[in-house]
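Q: Here it is, the structure in full.
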Amino acid sequence: MIRIEYATATEGFGSRQDHENVETQKHKPRWCAEHLPYPPVMVENPNPFYATLLMEDHAGRISEMSAITQYLYHHHLLNEHYPDLASLLECIALVEMTHMEMLAEAIIRLGGKPKFGAPCNQTISWWKGDRIYYGCGICDMLAADIQGEKDAISQYHRHLDAIDDKYVRAILARIIKDEKEHIRLLTEKFNKYCCKNKNK
Ligand SMILES: [Fe+2]
Ligand SMILES: [Fe+2]
């Protein structure tokens, strides 16, 4: 089960204090993220081209949307027999949601709309559920999750090369730090569960 930590039904969202608590906590790094603050979501100037690049990161083929859904699926399948790994996958999925939210806010400030797809030849290639790796066992799932993080980092670097906006660059650079931490944590689990016979 996914636990959203920002507020619960019993706490409610009714008061101004509740709202302010949510606003100040929503971009705090979680235990499975790099322990550094997130930069403010700002842009130097509106720029529709930069917005289209961030839409790829938001909900393109290699994207936070793909990462979130893949991690959730793997979390659900592994939860019964590998609770420590399932807990990590749940945490990482929530960090990817933070990335997605930051990207959405940046896209809007750049003059775009954070729809669930990426611009392609004057239209939108909509995000679909066949874009993620479902897998059939813990080791191929973990290998795919690690590769997904590496692919995301490569794409973020390509977009860093194309974007000349110091605020957007700071967001992408900070996200990359989280993705590197995810590779480290996932590799620990891969070594724990998938490399038992490597010295035999
Ligand atoms: Fe991410
Ligand atoms: Fe990640």
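The values are calculated or read from the model by the stated rules, or taken from the named source; none is laboratory data. All of these numbers come straight from a predicted model, not from anything done at the bench. All Cβ positions, even for glycine, are placed from backbone atoms using ideal geometry, and neighbour counts span all protein chains on display.
Q: Can you find even one residue in the range 117-127 that is among the β-branched types (V, I, T) and in a helix (DSSP H, G or I)?
A: No, the conditions are met nowhere in the range 117-127.
Q: Okay, next question. Of the residues that sit in the range 82-107 and are of a type outside the set (S, T, N, Q) and free of Cβ contacts under 8 Å to residues at least 40 places away in the same chain, which one is nearest to ligand 2 (Cβ to nearest atom)?
A: E96
Q: Taking into account only those residues within the range 150-186 that are in contact (Cβ under 8 Å) with a residue 60 or more places away in the chain, part of a helix (DSSP H, G or I) and β-branched (V, I, T), which is nearest to ligand 2 (Cβ to nearest atom)?
A: My answer is I175.
Q: Within 16 Å of ligand 1 (Cβ to nearest atom), more than 23 Å from E44 (Cβ to Cβ) and surrounded by 15 or more Cβ atoms within 10 Å (Cβ to Cβ) - does that describe any residue in the range 97-109?
A: Within the range 97-109, one or more residues are within 16 Å of ligand 1 (Cβ to nearest atom), more than 23 Å from E44 (Cβ to Cβ) and surrounded by 15 or more Cβ atoms within 10 Å (Cβ to Cβ).
Q: Give the residue that is farthest from T69 (Cα to Cα), with candidates limited to residues of the range 128-165 that are within 16 Å of ligand 1 (Cβ to nearest atom) and of a type in the set (V, I, T).
A: I153
Q: Of everything in the range 73-85, what is of a type in the set (A, V, I, L, M, F, W, C) and crowded, with 19+ Cβ neighbours inside 10 Å? Give them in sequence order.
A: L78, L85
Q: In the list S66, S87, which residue meets the criterion of being at pLDDT 95 or above, more than 16 Å from ligand 1 (Cβ to nearest atom) and within 16 Å of the chain's Cα centre (by Cα)?
A: When all the criteria are applied, what remains is S87.
Q: Take S125 and tell me if it is more than 15 Å from ligand 1 (Cβ to nearest atom), farther than 23 Å from L77 by Cα, out of contact with any helix residue (DSSP H, G or I) (no Cβ under 6 Å at 6 or more places or on another chain) and among the small types (G, A, S).
A: Answer is yes for this residue.
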